[in-house]
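These notes concern the structure reproduced below.
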């Protein structure tokens, strides 16, 4: 399984993400021509492929913010799976209380 450095992702999130997203510009999304099943597969290889699509996406941070704001419980959003998003939220909360 692909591991994500949550501390690095939290730093990048603070650097690149806007505080609120009302919508994600899907016209610019790297996944626009990809079968979206890939992002909701339980197969580890599919998850790795989905994350690689997200890594090159110009709207990655907007997508991740949308997933966090709407508490998406399934799928890869902004390059993170549900468990990684949970860890990211915890890390963000820790950073905000320092």
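FYI, it's all coordinate maths here, none of it is from the lab. Keep in mind it's a predicted model, so treat the numbers as computed, not measured. All Cβ positions, even for glycine, are placed from backbone atoms using ideal geometry, and neighbour counts span all protein chains on display.
Some notes on this structure:
- The chain: angle of helix 44-55 to the longest principal axis, Cα-based, in degrees nearest 10: 70
- Ranking of 63, 54 by neighbouring Cβ atoms within 10 Å, starting from the fewest: 54, 63.
- Degrees between helix 82-97 axis and first principal axis of the chain (Cα, 0 to 90, nearest 10): 20
- Footprinting exposure proxy ranking of 97, 4, 70, 86, fewest other C-beta atoms within 10 angstrom first, gives 97, 70, 86, 4.
- Crossing angle, helix 60-69 versus the chain [Cα axis fit, 0-90 degrees, rounded to tens]: 70
- Relative contact order (percent, whole number), region 6-97, Cα cutoff 8 Å, 6+ residue spacing: 34
- The ellipsoid equivalent to the alpha-carbon distribution of the chain has semi-axes of 21, 16, 11 angstrom, derived from the gyration tensor eigenvalues as √(5λ) and listed largest first.
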